[in-house]
Amino acid sequence: MSVTIKSPREINLMREAGKILARTHNELARALRPGMSTWDIDRIGEEIIRSYGCIPSFKNYNGYPASICVSVNEEVVHGIPSKKRILKEGDIVSLDAGVIYKGYHSDAARTYGIGEISPEASQLIEVTRQSFFEGIKYAKIGNHLNDISSHIQAYAEKFGYGVVRDLVGHGIGEHLHEDPEVPNFAQRRKGVRLQEGMTLAVEPMINAGTYNVCWMDDDWTVVTQDGSLSAHYENTILICQDGPEILSLDEV
Ligand code: MF3
Ligand code: CO
């Protein structure tokens, strides 16, 4: 498969998908509280997505059993919601969600603190979010993919954090995962040239410690090798004439 350029019709559908996903995240953020299970988050998230007439794209994707990936503390991504996993004050939780609207995908992730969290945890969350924005400053026509990747890494590493290597962002559109891969760390190659109408899911995964990760026995949950905290921030973006348009963000 090669990198696709979206038509105006496709772009409008992806804008709709993104708006719905942004609202889903905003509603989920308001629902978070200590004492709830990660299963509760999945139930609420799926209900919100379906209430907007969308399909949760992660459900049954390669056998993934839920609609929302819920990853707590040292879990990096792809945590499987469970009735036994109860959020408590001081935890950080990454919520990753995807929707399909009229055949088009949007994909986004946020990390939140539960109640009061440590200054270290809160800096990790903020730097991870900011690394996305530092990267997409370079999401301009004529630049190369590596301009985004290398600036995400440079920003996160200034704080001594580990930028996960084993998972990357991706193109998105009619499929959840399309070409190109979008690493969060510098490549030797410049990567594809950015063109108007490309849609990308840019998703830094940043560890407080080393960048190494392991997979749990459930074959999904990715955790930091050193047990340090990890945060995730993702949006679906569109490359436009005058810079990136963030499709899956609606800040209130
Ligand atoms: N944002 C994640 C990704 O791009 C979501 C996939 S989770 C899965 O890979 F459950 F759907 F696999
Ligand atoms: Co993604």
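Tabulated data for the structure shown
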{"quantity": "Taking all pairs of distinct alpha-carbon atoms in the chain, Kirkwood radius in angstrom", "calculated": "17.9 Å"}
{"quantity": "Charge sum, other residues only, whose C-beta stays under 15 Å from Ala97's C-beta, Lys/Arg counted +1 and Asp/Glu -1", "calculated": "-3"}
{"quantity": "Additional length obtainable on full extension of the chain from Lys84 to Met216, 0.36 nm per residue less Cα span", "calculated": "45.9 nm"}
{"quantity": "Over segment 178-252, volume per residue of the alpha carbon convex hull, in Å³", "calculated": "151 Å³"}
{"quantity": "Simple label model, 7 Å out from Cα along Cβ direction - Glu27 to Ser118, nm", "calculated": "3.5 nm"}
{"quantity": "Rel. contact order, % - alpha carbon contacts under 8 angstrom, at least six apart, segment 78-212", "calculated": "24 percent"}
{"quantity": "Only Lys, Arg (+1) and Asp, Glu (-1) charged, at Cβ; segment 46-157 dipole about Cα centre in debye", "calculated": "520 debye"}
{"quantity": "Lysine pairs meeting the criterion (Cα under 20 Å, 8 or more apart or interchain), as found in segment 8-246", "calculated": "8"}
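All of the numbers you see were taken from the coordinates with simple rules; none came from a lab. No experiment lies behind these values; they were computed from the predicted model shown. All Cβ positions, glycine included, derive from the backbone under ideal geometry; neighbour counts span all protein chains shown.
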